[in-house]
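The values are calculated or read from the model by the stated rules, or taken from the named source; none is laboratory data. Being a predicted model, the structure only gives us computed values, none of them experimental. As a convention, Cβ positions derive from the backbone with ideal geometry for all residues, glycine included, and neighbour counts pool all protein chains shown.
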Amino acid sequence: MTYKQQNSPLVRALFMLVIYLVIYYFGGAARQLLYPVIWLVAFLHETGHALGALITGGEVLSLQINPDGSGLTTTRGGSIAIILLGGYVGSAILGNLLFYIGIKRHRWSQTALLVLAGLMVFSFLKWPSTPSSGILLLLYAAALVFIALKTTWDQNVVMFFGMASVLYVIQDFQVGPSSDLRMYEEHIGIFPAQIWMYLWLALVLFITWSNLSRLRLLR
């Protein structure tokens, strides 16, 4: 494998990073182009809550993603600390996993898109919520299946979604998990929500730094 081939995913990732930052900070109305990323982050966030409930012996009653990119997961039982933490930190973990696959395991990219689509369909069937949420889940899942099976964009899409999801989670740390932080302060205590916010951010930054180090992008 040539040097150019080895570094082509990195070159594409850097190009995507520039495009994302330009749209996010200077895009104006063009920021609407990031809507699929915002919606995916919301899905990963709510999936993190759901997984937090399941792995701690709880039950997921519903999972809802709204057209504006907000969401709500209703659970019963399980560890409230892990369930609440699973939203913000869980979405960062899943985003880093997607980025890792896009950079390092590009042959898994098609599978990653199909698994994401499967999770959305599973959520629609197993944890039903509002009709609009169900329609969005199915449309998004259909788009991912189309990209995975009918195009050659799978690696680039997985790479971009992973990178953009992590960046959005980090940029949104003061707003995105605000309701989770209030509940964390209420149920867990120890620190006020503002302190937990920075602790969660530090954990997300550590996870991201570890992923980039593993990918040898910090050397």
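Taking the range 139-156 as the range and being free of Cβ contacts under 8 Å to residues at least 60 places away in the same chain and either part of a loop (DSSP other than H, G, I, E, B) or touching a Gly at 6+ places or on another chain (Cβ under 8 Å) (or both) as the test, the residues that pass are 141, 151, 152, 153. Just one of the listed residues (170, 195) is surrounded by fewer than 21 Cβ atoms within 10 Å (Cβ to Cβ), in contact (Cβ under 8 Å) with a residue 60 or more places away in the chain and of a type outside the set (D, E, K, R), namely 170.
Do we have any residue at all in the range 180-189 that's farther than 28 Å from residue 16 by Cβ and basic (Lys, Arg)? So far as the range 180-189 goes, yes, one or more of its residues are farther than 28 Å from residue 16 by Cβ and basic (Lys, Arg).
Being of a type in the set (Gly, Ala, Ser), out of contact with any Phe, Trp or Tyr (no Cβ under 9 Å at 6 or more places or on another chain) and either closer than 15 Å to residue 89 by Cβ or surrounded by 14 or more Cβ atoms within 10 Å (Cβ to Cβ) (or both) is a property that does not hold for residue 133. Return yes when residue 88 is closer than 17 Å to residue 43 by Cβ, modelled with pLDDT under 90 and aromatic (Phe, Trp, Tyr) and no when it is not. So residue 88 fits the description; yes. Within the range 74-92, being of a type in the set (S, T, N, Q), free of Cβ contacts under 8 Å to residues at least 40 places away in the same chain and buried (at least 19 other Cβ atoms within 10 Å of the Cβ) holds for one residue alone: 75.
Of all residues in the range 55-73, those satisfying the criterion of being out of contact with any Lys or Arg (no Cβ under 8 Å at 6 or more places or on another chain), surrounded by fewer than 17 Cβ atoms within 10 Å (Cβ to Cβ) and in contact (Cβ under 8 Å) with a residue 24 or more places away in the chain are 55, 56, 66, 67, 70, 72. Against the condition of a type outside the set (Asp, Glu), modelled with pLDDT under 90 and touching an Asp or Glu at 6+ places or on another chain (Cβ under 6 Å), how does residue 164 come out, does it pass? So residue 164 fails the test.
Once the range 93-115 is narrowed to residues that are free of Cβ contacts under 8 Å to residues at least 60 places away in the same chain and of a type outside the set (D, E, K, R), the residue that is surrounded by the most Cβ atoms within 10 Å (Cβ to Cβ) is 113. The numbered conditions (1) closer than 28 Å to residue 203 by Cβ; (2) surrounded by fewer than 20 Cβ atoms within 10 Å (Cβ to Cβ); (3) over 18 Å from the mean Cα position of the chain (by Cα) are all true for residue 179 except (3). One residue stands out in the range 14-26 among those that are buried (at least 17 other Cβ atoms within 10 Å of the Cβ) and within 18 Å of the chain's Cα centre (by Cα): the one that is modelled with the lowest pLDDT, namely 24.
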